[in-house]
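Here's the structure, in structure tokens; my notes come after.
The values are calculated or read from the model by the stated rules, or taken from the named source; none is laboratory data. No experiment lies behind these values; they were computed from the predicted model shown. Positions of Cβ are generated from backbone atoms using ideal geometry, with glycine treated the same way; all protein chains shown enter the neighbour counts.
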């Protein structure tokens with residue numbers, strides 16, 4: 001005979017004792033204790049300064065130097081830098097990967113962008129600064145380092161390049177198409193053709209390269225020519241020579257066909273520009289070099 005079902009006794013869970021709670025916590029956390037606080041990142045050395053400079057050899061390369069000063073005592077490791085200097089175009093950050101100890105100056109060479117030139121006069125540069133990515137524990141930190149305002153180098157670069165653009169807009173100054181061999185020289189002309197009515201354009205001087213000389217064919221006078229408002233075109237006789245063709249000069253000649261000239265407009269100091277050299281003229285210069293060089 002089956003009797004009535006007897007309910008099973010239910011076990012009640014009492015509150016955990018402090019010891020049991022501690023044991024459970026240790027099982028989960030492995031009793032590692034409180035987490036260690038992360039080490040603070042080293043601060044950027046106070047007094048870090050920047051200024052801009054340009055070596056003569058960098059003037060034709062669109063390169064300048066960011067001079068970094070660190071009064072110490074801690075060194076700083078700069079991964080990359082970026083120049084922000086309107087109206088110069090902003091280029092991507094330039095890797096430098098340089099550790100700088102206590103020093104008054106370390107030069108970091110970087111390229112710079114062309115200025116945005118508007119109107120007849122060079123624009124006035126705005127405040128400029130350098131962004132630096134400084135290596136720290138666990139990563140990098142970006143810092144903003146102000147430049148003096150107005151910065152004299154930025155002002156000069158903007159004036160030179162915008163002035164050169166103004167000269168190009170006013171007149172086409174180029175090497176002529178006809179060149180004739182005369183002894184140890186190649187004779188021809190610099191041609192100036194007006195592009196903007198009423199503007200006076202002055203050709204101050206011309207220059208050669210490491211290998212080739214370029215000079216006026218007649219008596220030396222400065223300026224070489226003035227294209228006044230009443231003229232649309234004029235020519236200046238010039239001559240190429242190859243006076244320096246030693247093995248040392250040939251090895252150092254990075255741009256043997258780069259020939260500068262200096263021209264200006266009223267109210268602007270003379271500007272540096274470069275002539276375009278055609279393939280035909282290059283061949284004539286190479287022939288001149290082969291036939292007149294006595295140093296090789």
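Filtered by the rule that a residue be at pLDDT below 95 and surrounded by fewer than 18 Cβ atoms within 10 Å (Cβ to Cβ), region 161-176 gives 165, 168, 169.
Region 171-226 holds strands (runs of 3 or more DSSP E) entirely within its bounds, and those carrying 2 or more residues that are farther than 24 Å from residue 290 by Cα map to 171-175, 185-194, 201-206.
For region 222-236, the count of residues that are loosely packed, with under 15 Cβ neighbours inside 10 Å, within 20 Å of residue 179 (Cα to Cα) and touching a strand residue (DSSP E or B) at 6+ places or on another chain (Cβ under 8 Å) is nonzero. Restricted to strands (runs of 3 or more DSSP E) entirely inside region 50-101, those with at least 3 residues that are more than 22 Å from residue 136 (Cβ to Cβ) are 63-70. Of the residues that sit in region 90-104 and are within 19 Å of the chain's Cα centre (by Cα) and without any contact (Cβ under 8 Å) to a residue 40 or more places away in the chain, which one is nearest to residue 198 (Cα to Cα)? Among residues in region 90-104 that are within 19 Å of the chain's Cα centre (by Cα) and without any contact (Cβ under 8 Å) to a residue 40 or more places away in the chain, the one nearest to residue 198 (Cα to Cα) is 90.
Just one residue in the set 75, 71, 87, 95 is modelled with pLDDT of 95 or more and surrounded by fewer than 15 Cβ atoms within 10 Å (Cβ to Cβ); that residue is 95. Scan region 157-171 and tell me whether some residue there is over 26 Å from the mean Cα position of the chain (by Cα) and either more than 17 Å from residue 264 (Cβ to Cβ) or in contact (Cβ under 8 Å) with a residue 40 or more places away in the chain (or both). Taking every residue of region 157-171 in turn, at least one turns out to be over 26 Å from the mean Cα position of the chain (by Cα) and either more than 17 Å from residue 264 (Cβ to Cβ) or in contact (Cβ under 8 Å) with a residue 40 or more places away in the chain (or both). Out of the residues in region 122-141 meeting the condition of being without any contact (Cβ under 8 Å) to a residue 40 or more places away in the chain and surrounded by 13 or more Cβ atoms within 10 Å (Cβ to Cβ), tell me which one is farthest from residue 158 (Cα to Cα). Only one residue tops the list, namely 127.
All conditions in (1) part of a strand (DSSP E or B); (2) surrounded by 15 or more Cβ atoms within 10 Å (Cβ to Cβ) hold for residue 117, with the sole exception of (1).
Scanning region 260-271 for residues that are touching a strand residue (DSSP E or B) at 6+ places or on another chain (Cβ under 9 Å) and either buried (at least 16 other Cβ atoms within 10 Å of the Cβ) or not assigned by TED's automatic domain parsing to the domain that holds residue 207 (or both), we see that the one that is farthest from residue 206 (Cα to Cα) is 265. Looking at 153, 157, can you tell me which residue is surrounded by 15 or more Cβ atoms within 10 Å (Cβ to Cβ) and within 23 Å of residue 47 (Cα to Cα)? When all the criteria are applied, what remains is 153. With respect to being surrounded by 16 or more Cβ atoms within 10 Å (Cβ to Cβ), under 10 Å from the mean Cα position of the chain (by Cα), in the same structural domain as residue 141 (by TED's automatic domain parsing) and under 13 Å from residue 132 (Cα atoms), residue 110 fits the description.
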